[in-house]
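The numbers here are math on the coordinates, done by the rules we state, and not lab data. Predicted, not measured: the structure shown is a model, and the values here were computed from it. Methodologically, a virtual Cβ is constructed for each residue, glycine included, from the backbone with ideal geometry; neighbour enumeration extends over all protein chains shown.
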Amino acid sequence: MKKLFIGIAVVVVLILLYGFATYNSLVTLNIAADTQWKQVETDYQRRFDLIPNLVESVKGIMKQEQAVFTAIADARTKYAGATTPDQKAAAATQVEGALGRLLVITENYPQLKSSDTVQTLMSQLEGTENRISIERMRFNTSVQAYNLKVMKIPSSIIAAMTGFHERAYFNATAGAENAPQVKF
């Protein structure tokens, strides 16, 4: 009888230890995904800090391209008002479309290409876009690790009991696969 009690106690302790370890790993993975999203937002902010400088540098030369500058300003405003990752991603995608049009415009104006200020800012913007792409990929990787833990048995049982749910991946908005078109 004593051995049975000890055996049951050991099994209960092992189950509790597994539950604590699983819970702690879910917390760790969830925080890692949150942290990675914050890195995406940091790079979005860098983009939004660079855009006004780029726009002001180009604006003087290209007054007729006001629609592009308006689209960029509108997208920045939407991003500032966004509260969820999905809303922020949608606003960021809108900025990407406007920036794509701006990049095409700069290709068509040789005097812009020769401007050191514009070249420097374009280089900074290109670097920022690369960073954003990498951070989005890292965010999705973090979400994947978390979601796998939430979905796999037996950790899914602990996740359901403690309120952990699947997280959404960063997805490009519809039409993002198409290059922006600039018409003069």
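Go through region 139-160 and report how many residues are among the charged types (D, E, K, R) and surrounded by fewer than 16 Cβ atoms within 10 Å (Cβ to Cβ).
To start, the set of residues in region 139-160 that are among the charged types (D, E, K, R) comprises 149, 152.
This time we only want the ones that are surrounded by fewer than 16 Cβ atoms within 10 Å (Cβ to Cβ), so: 152.
Residues in region 139-160 being among the charged types (D, E, K, R) and surrounded by fewer than 16 Cβ atoms within 10 Å (Cβ to Cβ): 1 in total.
Within region 1-31, which residues are among the β-branched types (V, I, T) and more than 41 Å from the chain's Cα centre (by Cα)? Explain how you work it out, then say what you get.
Taking region 1-31 as the starting set, the residues that turn out to be among the β-branched types (V, I, T) are 6, 8, 10-13, 15, 22, 27-28, 31.
I6, I8, V10, V11, V12 - these are the residues of region 1-31 that are among the β-branched types (V, I, T) and more than 41 Å from the chain's Cα centre (by Cα).
Look at region 2-53 and say how many of its residues are surrounded by fewer than 17 Cβ atoms within 10 Å (Cβ to Cβ) and over 30 Å from A80 (Cβ atoms).
25
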